[in-house]
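Structure first, commentary second.
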Amino acid sequence: MELLDQIKEKARKLQNRIVLAEGTELRTLKAAEIIIKEKLARITLLGSPAEIAELTKAEGINISGAEIIDPSTSDKRQHYAEMMVEIRKSKGLTIEDALKSLNNPLVFGPMMIKAGDADGEIAGAINATGDVLRPALQFVKTLPGVSVVSGVFFMLFKDKSIGDNGILVFADCAVMPDPDEKQLAEIAVTTAKTAKAIANIEPRIAMLSFSTKGSAKNPLVDKMANATRIAQEMAPELMIDGEMQLDAALNEEVGQLKAPGSKVAGKANILVFPGLEAANIGYKLVQRLAGAEAIGPVLQGMAAPINDLSRGCSVSDIVNMVAITANQAG
Ligand code: ACO
């Protein structure tokens, strides 16, 4: 069974509660109809009920079965505002400011999760990544023992000889602009967990650079070599190696030439890039030039799953991301 079919089947079994924060956005409403029809999750749409009713009527969209909550009138506002003040008392957040910011669905959604009223959230079809992530980072925060939220792409290839049965996982393509070596190590270890949980991949992690095992001397090379060592110390049970170039990571011959004896070189299925520029450009190159399907970004390390859509997303991208978020919620 293909990866997305597996993810959808699991989502159906879980029946998690997923918030679509951009409830008055047309692609989101069309996706909600499909999610409800395919029973992928229980859906909450945030937004004005009158506006949603007008849109669905005009477009012939059936979202019966979805919960609709208006963040500006919800009877949960006071409760959520008190929680927000408690979480950010060291930052001086007042109840008045909390109540005001709850009008924003991108704040209300994470607070629903924090209060146990939802299992996951999706937004980003009409909002920038930073605006989706900031309230999530401020109020939902990270998993215990994790300090860095990052984002992976599952790159799906028709050629099943690539990666793990046609799947490569790229990180971090979405969040940390310039991670330090400790953060890179954490990204590697968290990505291994995500790859296993979502795609049942046995991780072989390459820490990428423009050098393989000291072939070049540069502080940027040292950074990836140090990140590799820290990641190996953090998770000695995992196969992690680096620093290495992309060809050494993916090509068996080059891998054994440049990194002889490495358990990862030539066989990597997880690629950890040195920074957001390389990772974001890298996944788009592979998507556009190699024709790989890019599933993500799947955000990881957050205490509950909150995922960001691209503003260019399609209805099926939203449906897929709901299924992935439902899987992450477990
Ligand atoms: N992991 C965990 N916590 C974080 C992270 C992180 N990666 N980044 C920021 N935080 C925390 C901060 O410590 C802060 O906590 P505090 O308020 O309790 O002290 C809080 O989150 C908010 O941080 P800010 O400094 O206010 O927000 P910042 O300006 O750093 O924004 C953001 C964080 C939005 C994630 C930023 O790093 C960003 O914009 N990243 C790039 C996103 C992007 O544009 N990606 C490319 C597009 S996506 C795509 O193409 C697939």
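The values are calculated or read from the model by the stated rules, or taken from the named source; none is laboratory data. None of the values given here were measured: they were computed from a predicted structure. Cβ sites come from the backbone with ideal geometry, for glycine too, and all protein chains shown count toward neighbours. Ligands, DNA and RNA are stripped out before the accessible areas are found, and what is left, the full protein with its side chains, is counted by its heavy atoms. Shrake-Rupley method; radii C 1.70, N 1.55, O 1.52, S 1.80 Å.
Among the residues of segment 235-242, are any touching a residue at least 12 places away in the same chain (Cβ under 8 Å) and more than 23 Å from the chain's Cα centre (by Cα)? Yes, segment 235-242 has at least one match. Residues considered: Ser262, Ser310. Of these, the only one that is more than 22 Å from Lys160 (Cα to Cα), modelled with pLDDT under 95 and either polar (S, T, N, Q) or crowded, with 24+ Cβ neighbours inside 10 Å (or both) is Ser310. When Ser310, Ser262 are checked against the criterion of being within 16 Å of the ligand (Cβ to nearest atom) and outside any helix (DSSP H, G or I), a single residue qualifies: Ser310. For segment 71-89, a residue qualifies if it is buried (at least 19 other Cβ atoms within 10 Å of the Cβ) and away from the ligand (no atom under 16 Å from the Cβ), and the qualifying residues are Pro71, Tyr80, Ala81.
Can Ala32 be described as open to solvent by less than 40 Å² (accessible area, probe 1.4 Å) and not in a loop (DSSP other than H, G, I, E, B)? When the stated conditions are applied, Ala32 passes them. When the residues of segment 159-206 are filtered to those that are farther than 16 Å from Ile230 by Cβ and near the ligand (Cβ under 10 Å from one of its atoms), the one that is most open to solvent (accessible area, probe 1.4 Å) is Asp178. Please verify whether Ile126 is part of a loop (DSSP other than H, G, I, E, B), at negative phi and either open to solvent by 60 Å² or more (accessible area, probe 1.4 Å) or hydroxyl-bearing (Ser, Thr, Tyr) (or both), treating the condition exactly as stated. Taking the combined requirement at face value, the residue satisfies it. Anything in segment 16-54 that is in contact (Cβ under 8 Å) with a residue 60 or more places away in the chain and more than 30 Å from Ala292 (Cβ to Cβ)? List them, or say none. Listed by number, the residues that qualify are Arg17, Gly23, Thr44, Leu46. Selection within segment 282-307: residues that are touching a residue at least 24 places away in the same chain (Cβ under 8 Å) and assigned to a helix (DSSP H, G or I). The member of this set that is most open to solvent (accessible area, probe 1.4 Å) is Gln287.
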